[in-house]
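Below is one structure, written out as structure tokens; comments come after it.
The values are calculated or read from the model by the stated rules, or taken from the named source; none is laboratory data. As the structure is a prediction and not an experimental result, all values here were calculated from the model. Backbone-built Cβ (ideal geometry, glycine too); neighbour counts: all protein chains shown. We work out accessible area using only protein heavy atoms, side chains counted, and drop any ligands, DNA or RNA first. Shrake-Rupley method; radii C 1.70, N 1.55, O 1.52, S 1.80 Å.
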Amino acid sequence: MNENRTGEGSAVALLHCDTAEEVYGTIRAIMSLLGRERIVDMFRSKRVLLKPNLCIDYPPQRGATTHPAVVEAMIRIVKDAGGTPVVGDGPIVGIRGNIFRATGMEEVCGRYGVMLVNFNQSEGRRVRLQGAAVYPEALITEHYFRCDTVVNLPIFKSNMAYWLSGALKNMKGLLVGREKHTPHRLGVPESVADLNRMVRQDLVIMDGLVGMMGDGPSAGEAAEAKLLIGGFDPVAVDSLAATIMGFDPRKIPMIAYAEAGGVGTSHITVRGDRPDSFHLNFRKPSIARHRLLVQILDRIGKTAFGWIQRRTRLLVDGERCTLCRRCLEACPFGAVSIDGRTVRIDMDLCDLCLCCTEACGQNAIILKGLLAKADAFMKH
């Protein structure tokens, strides 16, 4: 193992991890690289919230949700240190399947006798942020306030509209119920940056055992990244993940807004394995396939947004659609309707937040046109 400097800043640990059986040992090695005693002190005699990404009821091999081996390893590590782990997330509103069972969390938590909570069914507490960019007040699950330490367990995955769904965006799962729709109305990158100023995360362990590439957060394909990333700074962790995916983190709005807001830094020191030792054939998300248009819009400003959005459509593949109604229940704008056996999306009402594509279990909702959401990369 060695230290690879990419600029003085936050230390981030990066290690290869080929199998689920190696996860526990790899996370312990990451702890050593970051400072084992510091992390153990976070857990000793503490109530520790483990916050995986359980956005949808997919099995672990799809790469859309945190692998149960990562959650199991963290449960063991917290217990070893004398702490009390609690596992929880707030999945997409409207999904009716048993997400905890499908993702393997129910089995793992049951085996270790660990509390597993759905934040959408919990009480919440209003948190206000002075000097917010766009999101001055959020409803945060009460479980967050009942814990002494927060461990963020995001996925190594790209996002069709926001480049990646990593450590920063994973904190959106702390929002209760339909509060999750608010960032989509205000602008996701800016809102996520504000949210990360409201809540803390004491440790980040990013799961890239499988991960997702292409049009995540749920419609992409398994990346088989076989890596784990650890750090104390979510901006630094996301910056390293973006670099490995082949993106320039400085050009990803979610990272840029969070860094500007003081959440963390994109200047990192990598400890462990070299980033260029991972030879991923990483398929880029939709937004990355419009680089020239992104550069043009960056110059001409948001006056072009209406023009862009009028030339972007969400279409439903009737052969794939099973009429499960998940898109209807997930849409925060009332744009989805069902007429007989046909799902319709009213683009006059649609804000292109892509909640429907994330909720669809059949990948039946297809993005057509120029871009998914103009403010995915533009500043208000």
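Data for the structure
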{"item": "Lone unmet requirement of (1) within 26 Å of GLU224 (Cβ to Cβ); (2) open to solvent by 10 Å² or more (accessible area, probe 1.4 Å); (3) in a strand (DSSP E or B); (4) aliphatic (A, V, I, L, M) for LEU116", "result": "(1)"}
{"item": "The one condition in (1) buried (at least 24 other Cβ atoms within 10 Å of the Cβ); (2) at pLDDT 95 or above; (3) of a type in the set (Ser, Thr, Tyr) that TYR162 fails to fulfil", "result": "(2)"}
{"item": "Qualifying residue in region 215-222 (condition: at negative phi, of a type in the set (Ser, Thr, Tyr), touching a helix residue (DSSP H, G or I) at 6+ places or on another chain (Cβ under 7 Å) and part of a loop (DSSP other than H, G, I, E, B))", "result": "yes"}
{"item": "Filter result for the condition that a residue is over 18 Å from the mean Cα position of the chain (by Cα), touching a residue at least 12 places away in the same chain (Cβ under 8 Å) and under 16 Å from MET206 (Cβ atoms), over LEU280, LEU228, LEU240", "result": "LEU280"}
{"item": "Single condition SER122 does not satisfy, out of (1) under 27 Å from LEU164 (Cα atoms); (2) among the small types (Gly, Ala, Ser); (3) open to solvent by less than 60 Å² (accessible area, probe 1.4 Å)", "result": "(1)"}
{"item": "Scan of region 32-79 for residues that are under 15 Å from PRO91 (Cβ atoms) and open to solvent by 30 Å² or more (accessible area, probe 1.4 Å), ordered by number", "result": "ASP57, PRO59, ARG62"}
{"item": "Subset of region 131-187 [part of a loop (DSSP other than H, G, I, E, B), in contact (Cβ under 8 Å) with a residue 60 or more places away in the chain and more than 17 Å from the chain's Cα centre (by Cα)]", "result": "ALA132, ALA133, VAL134, TYR135, ARG146, CYS147, ASP148"}
{"item": "Residue in region 82-104 that is in contact with a Phe, Trp or Tyr (Cβ under 7 Å, 6 or more places away or on another chain), under 28 Å from CYS324 (Cα atoms), charged (D, E, K, R) and part of a strand (DSSP E or B) present", "result": "yes"}
